[in-house]
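Every number in this text was worked out from the coordinates using simple rules, so none of it is lab data. Fair warning: this is a prediction, and the values are worked out from it, not measured in the lab. Using ideal geometry, Cβ is built from the backbone for each residue, glycine included, and neighbour counts are taken over all protein chains shown.
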Amino acid sequence: MGFLGKLFGVLKSKKTLAKLEIELLQTIKKAYDWGGKNDWPAMEKYPQYKRVRAIGTQLYAMGGYEDMRAAHDYVFELRPVCGGMIQQMWNGIGGWMA
């Protein structure tokens, strides 16, 4: 793969990371609101649980722990109360530990 191919691959990866960060923020906000209305059940019971885990798995496949950390930090910066929820839902993905 030539220089331009590598450059466009990096740009595509960054664009995908940004999209996943936004989706994670939106999904985890819904999960937090749902949890508050439903007496904070076990994480596996949240309707958003599977999607949050799927996002974590996709991030890990794209860029490993580094991309997962970047997405977590993005959400944490904008909605700190949701950081712990992501940590719990991602437990075990690519070595992620809650």
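Points worth noting:
- Global geometry of the range 43-87, whether rounded, prolate or oblate, following the gyration tensor of its Cα atoms and the 1.5 cut on a/c: oblate
- Out-of-range pairs (alpha-carbon distance over 25 Å; input K15/K50; K15/K37; K14/K37; K14/K45): K15/K37; K14/K37; K14/K45
- Assigned charges on the beta-carbon of Lys, Arg, Asp, Glu; the chain dipole about Cα centre (debye): 320 debye
- Shape analysis of the range 23-98 based on the Cα gyration tensor places the equivalent ellipsoid semi-axes at 20, 13, 10 Å, largest first.
- In this simple spin-label approximation, W34 and A18 carry label points 7 Å from Cα along the Cα→Cβ vector, and these lie 2.8 nm apart.
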